[in-house]
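See below for the structure under consideration.
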Amino acid sequence: MLRVRIALVVVIALSAGVGLAYGTYNYLQQAPVRTVETPTQAVVVAATDLALGTALRRSDLRVVNWPVAHLPEGAFSRIEELEGRGLVVAMVKNEVILDAKLAAKEAGAGLPPIIPAGMRALSVRVNEVIGVAGYVLPGTRVDVVATASPTDKKVDTTSKVVLANVQVLTAGTRLEKEGDGKPTSVNVVTLLVTPEQAERLALASTEGKIQLALRNPLDDGAPPTPGIKPPVLLGTSSVVPRPRLVARRSVEPPAPAPPPPPPPVTVEIIRGDKREIEVIK
C-alpha cells in the first residue's frame, strides 16, 4: 500500500511539472517580441589591411553602419571624400578611417607626407645581419653602429654608436641592377633623422660599415660610448701609455746631532755652617 502511494505522488508531481513547462513555453512563444532600434550612421572603414603611405582607392574602402552614440570624431560617411588621400599610419581591416590618419589633400600619398617638419627620411641598404634578422620593422627604434678607420691602418679601425634612438619609417625590399645588368632584390631600411644625423649616417655608410641595434621602445636613453678598437677588443692594446719612471737622486739623511756632554762630577763640602760644591775636572 505504501509503494502505491509513493508512486501516485511521483506521477502527480511529474504531471504538474510537465504541465507547467508546457504552459510557460506556450506563453513565451505567443508573447510579442519587443525590438529596440539603435540609430546608426554610415561610416567608411578599411576593406583590407593598408600599409603606411598608401593612396586610398575605392577598392580599399567600404561603408558600414555605425551607432551614432559611439561615432568616432573625424570619421567619413562617403568614400568619394577619401579617394586619393594618403595614409600616415598603417591600418587594419575594418578600422575606421579618421581624418587624423590621413595626409593633407594637397600632400599626395607615399612617404613624403608622413615626414614631420624639420626631419628627413634616409634609406640605407641592409642584409639579414644588419637588419637584425628581419625584426627591424616600421615604428621600431634602433641605434646605428658604424665601423670605420680614420686612417689606412687596420689597427685604427673603430666601432662606435654614431646615432641613437632613431625611428624606422619603412622596411622592405626593392630591385636594383648589379654590374651585369640583372635585377636583384635588396633589403632597404628608411630611417627618420634630422639633417645633421643624415650627414652622419651618409658618411658612416660610405666610409665604413653600419649595423643596426634594435632598442626597447620604452628605453629613450642614449649613454655616450667611447668606441672600441681591435687591440682593445682582443686585450693586446699598447695604446694606453705606461707610466714613466722618473729617476730620483738619492738624498742622504742628515747627520745625527752630537750627544750632549755628560754632567760634571761635583763634591759637596761642608765647613761649619757653610756648604760649598766643588767641580772635579
>> Need a quick list: strands (runs of 3 or more DSSP E) entirely within the range 154-260 having at least 2 residues that are at pLDDT 80 or above and farther than 25 Å from Ala51 by Cβ.
In response: 158-177, 209-214
> So which residues in the range 32-67 are surrounded by fewer than 17 Cβ atoms within 10 Å (Cβ to Cβ), within 28 Å of Pro138 (Cα to Cα) and charged (D, E, K, R), if there are any at all?
Replying inline: Asp49, Arg57, Arg58, Arg62
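Which residues, taken from the range 19-69, are of a type in the set (Asp, Glu) and at pLDDT 80 or above?
Within the range 19-69, Asp49, Asp60 meet the criteria.
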>> If I filter the range 84-104 for residues that are in a loop (DSSP other than H, G, I, E, B), surrounded by fewer than 17 Cβ atoms within 10 Å (Cβ to Cβ), modelled with pLDDT under 80 and not assigned by TED's automatic domain parsing to the domain that holds Val168, do I get at least one hit?
In response: yes
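The values are calculated or read from the model by the stated rules, or taken from the named source; none is laboratory data. Keep in mind it's a predicted model, so treat the numbers as computed, not measured. Here the Cβ is made from the backbone with ideal geometry for all residues, glycine too, and neighbour counts use every protein chain on show.
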